[in-house]
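Below is one structure, written out as structure tokens; the observations come after it.
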Amino acid sequence: MNMAMTNVAAGQYAIPRRVGSHRARAVTNGVMTGLCAAAVALALVPLFSVLWLVVSKGIHSLSLSFFTKLPAPVGELGGGVGNAIVGTLFMVGLASCIGLPLGVGAGIFLAERGDGKLGHVVRFTAEVLAGVPSIVVGVVAYGLIVLPMRHFSAMAGAVALAILMIPTLARATEEMIRLVPRSLREASLALGVPAWRTSLSVVLRTALGGLINAALLAIARAAGETAPLLFTALNNQYWNLHPLQPTASLTVQIYNYAISPYEDWHDKAWGAALCLLILIGGLSLIARLAAGRRSQA
Amino acid sequence: MNVALSTPVADTARPKLEVQKLDAWFGNVHAVKDISLGVDARSVLAIIGPSGCGKSTFVRCLNRMHELTPGARSEGRVLLDGEDVYAVDPVYLRRRVGMVFQRPNVFPTMSIRDNVVAGLRLNRVRADYEAIVERTLTQTALWDEVKDRLDASAIALSGGQQQRLCIARALAVEPEVLLMDEPASALDPIATAKIEELIDELKQQYTIVIVTHNMQQAIRISDKTAFFYMGVLIEHGTTQQLFTRPERRETEDYVTGKFG
Ligand SMILES: Nc1ncnc2c1ncn2[C@@H]1O[C@H](COP(=O)(O)OP(=O)(O)O)[C@@H](O)[C@H]1O
Ligand SMILES: [Mg+2]
């Protein structure tokens, strides 16, 4: 290895004919492979310790009633996080209804018409917005919706989550569409298919697998947000599917249980955390499967 | 379908396609320089010339694909049955002037069957799709190879099969003119032979402009040949004459392999 480098540096050969002995190369190869494996293992340690901790501490709390019941008052045994699960799904669903069309739409615009001035402005804005901490987005939604309406609501939470989804989704959509080879667009145009239908039926259709993947990941990330919900949806001890009422969510519920002084609530925090992990893991898994199916097709 | 271009009165003296003083640019690159030529109905014109001499750019001007490239523009006239193609909607023009590209570009999300009728389906044209699939795939000598797996993905086909599928797809919309930009350059000799055979058959019905790198191929399949060099039309005549008694020195050098 060293010898090869010296040779090239000295300009003796353009392509070194012999790079050390076979043995030396085998040793270098082994050491490098070992280092790579060690790096991978190191990177996996935090991931697996989080998983292990959540599963081992949360598994005892899980039961059918934990998924289906309302939270029990302090001191009472039992109870569940059913309303928080429903609340999270409800708000993430609302947020997706707002965020997916806007995010994907902006991404289509960037890919199709994004070379002009407006495109640069939109792209820059999306980049800045993607870097804004989620708690700031929560405060903004508080100012825009909660203050004027004078109370916390699922809608305010959904808007905050949607704002978080839009920029990353827009950029991901743009990337996916730009990955579609130009030759496919030309094939369609050359058949006398109008440009707008080519964009929808050929380009978007081809990018669809990637788009579904990006959308599911954006949804999964929104489901894991706490800070923007603290200011907007707050919490609710009861079932709620009214968009203008405060609403429980798994993340805020975990937060409340975790900062409480009660041992029993700490256990429930772990249980709720495991629920959230299963939810998000499930979504990511679906995203993976969808992407895998597409790339095989 | 051809609302904008109603059928003109047949004029046997007039070429199907007439190019007058055509210039094309990519930004500042002047790729096609003042080219004029005509293509007779139901004949094959071969365009030959070294790489980068403007062959692709020229044929892409004929169905107005050239203008889709950012920064590209053109000047001059292209007449289809006497009508200026730059005066009509390019969408309708491209249904009359079909194109086959150098690299097969099947739609990867569609089955073989759906690829063939893509131009019809995407334009919401109602027709007997089954019959069209069988007819065009038979024309392109693909039917026997794929008839049992029409619903399989088109990208499972070999390169040569994909290219024949692209030709079938272009034929399904029943164009009058077919532009082919080096359709066989990525193919093996057997697939190439099949495509040449097909072109010979297609010229009973279609007007064909084919770009080719292969001079033997031009001799085998074309009625007339145009030799391009550095964006300029150097010589244009019957294939026989151009290859056996070229008038210009550059043509002779090129067809005898002295350069290119
Ligand atoms: N997209 C493009 N942008 C700028 N220049 C181009 C582009 N495509 C082709 N050209 C230039 O135009 C000239 C003609 O190219 P082309 O028509 O592709 O040649 P051919 O098909 O004969 O090989 C070449 O000089 C090439 O470099
Ligand atoms: Mg070319």
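See the values below:
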read-out: Residue check for residue A:218: within 18 Å of residue A:134 (Cα to Cα), of a type in the set (A, V, I, L, M) and more than 14 Å from chain B (Cβ to nearest Cβ); value: yes
read-out: Residue that is most open to solvent (accessible area, probe 1.4 Å) [pool: residues in segment A:171-205 that are of a type in the set (Lys, Arg) and at the interface with chain B (Cβ under 8 Å from one of its Cβ atoms)]; value: A:205
read-out: Meets criteria (within 14 Å of another protein chain (Cβ to nearest Cβ) and either modelled with pLDDT under 95 or part of a loop (DSSP other than H, G, I, E, B) (or both)) for residue B:14; value: no
read-out: Yes/no for residue A:88 being modelled with pLDDT of 95 or more and either within 26 Å of residue A:283 (Cα to Cα) or open to solvent by less than 40 Å² (accessible area, probe 1.4 Å) (or both); value: yes
read-out: Some residue of segment A:142-149 being within 9 Å of chain B (Cβ to nearest Cβ) and free of Cβ contacts under 8 Å to residues at least 12 places away in the same chain; value: no
read-out: Residues (within 13 Å of chain B (Cβ to nearest Cβ) and either outside any loop (DSSP other than H, G, I, E, B) or within 22 Å of residue A:212 (Cα to Cα) (or both)) located in segment A:102-117; value: A:112, A:113, A:114
read-out: Selection within segment B:91-105 - more than 8 Å from every other protein chain (Cβ to nearest Cβ) and open to solvent by 10 Å² or more (accessible area, probe 1.4 Å); value: B:102, B:104
read-out: Residue within segment B:115-125 that is among the β-branched types (Val, Ile, Thr), over 25 Å from residue A:203 (Cβ atoms) and more than 10 Å from every other protein chain (Cβ to nearest Cβ) present; value: no
read-out: Test for residue B:179: is it free of Cβ contacts under 8 Å to residues at least 60 places away in the same chain, in contact with a helix residue (DSSP H, G or I) (Cβ under 6 Å, 6 or more places away or on another chain) and either open to solvent by 50 Å² or more (accessible area, probe 1.4 Å) or within 16 Å of ligand 2 (Cβ to nearest atom) (or both); value: no
read-out: Qualifying positions in segment A:195-241 - out of contact with any Gly (no Cβ under 6 Å at 6 or more places or on another chain) and within 15 Å of residue A:146 (Cα to Cα); value: A:230, A:234, A:235
read-out: For residue B:65: the one exception among (1) surrounded by fewer than 20 Cβ atoms within 10 Å (Cβ to Cβ); (2) at pLDDT 95 or above; (3) within 16 Å of ligand 2 (Cβ to nearest atom); value: (1)
read-out: Enumeration of residues in segment A:86-106 that are under 25 Å from residue A:256 (Cα atoms), aliphatic (A, V, I, L, M) and touching a Ser or Thr at 6+ places or on another chain (Cβ under 9 Å); value: A:86, A:91, A:92
read-out: Residue match in segment A:65-80 (condition: in contact with a Leu (Cβ under 9 Å, 6 or more places away or on another chain), open to solvent by 20 Å² or more (accessible area, probe 1.4 Å), β-branched (Val, Ile, Thr) and not in a loop (DSSP other than H, G, I, E, B)); value: no
read-out: Selected residue (only one of B:56, B:74, B:36, B:51 is open to solvent by 20 Å² or more (accessible area, probe 1.4 Å), of a type in the set (S, T, N, Q) and within 15 Å of the chain's Cα centre (by Cα)); value: B:56
read-out: Residue in segment A:206-225 that is more than 20 Å from the chain's Cα centre (by Cα), open to solvent by less than 10 Å² (accessible area, probe 1.4 Å) and on the phi < 0 side of the Ramachandran plot present; value: no
read-out: Matching residues, segment B:217-231, being within 26 Å of residue B:36 (Cβ to Cβ), away from ligand 2 (no atom under 16 Å from the Cβ) and open to solvent by 10 Å² or more (accessible area, probe 1.4 Å); value: B:219, B:222, B:223, B:224
read-out: Where a residue in segment B:49-77 is away from chain A (no Cβ under 14 Å) and its partner, wherever it lies, is near ligand 1 (Cβ under 6 Å from one of its atoms) and assigned to a helix (DSSP H, G or I), with Cβ under 6 Å and at least six apart; value: B:49/B:55
read-out: Any hit, segment A:270-291, residues being under 24 Å from residue A:185 (Cα atoms) and assigned to a helix (DSSP H, G or I); value: yes
read-out: Enumeration of residues in segment B:185-216 that are open to solvent by 10 Å² or more (accessible area, probe 1.4 Å), in contact with an Asp or Glu (Cβ under 9 Å, 6 or more places away or on another chain) and within 15 Å of ligand 2 (Cβ to nearest atom); value: B:213, B:214
read-out: Qualifying residues in segment A:261-296 (those that are more than 21 Å from residue A:223 (Cβ to Cβ) and free of Cβ contacts under 8 Å to residues at least 24 places away in the same chain) - the one most open to solvent (accessible area, probe 1.4 Å); value: A:296
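The values are calculated or read from the model by the stated rules, or taken from the named source; none is laboratory data. Model, not experiment: these values are computed from the prediction. Cβ atoms come from the backbone with ideal geometry, glycine included; neighbour counts cover every protein chain shown. Ligands, DNA and RNA are stripped out before the accessible areas are found, and what is left, the full protein with its side chains, is counted by its heavy atoms. Shrake-Rupley method; radii C 1.70, N 1.55, O 1.52, S 1.80 Å.
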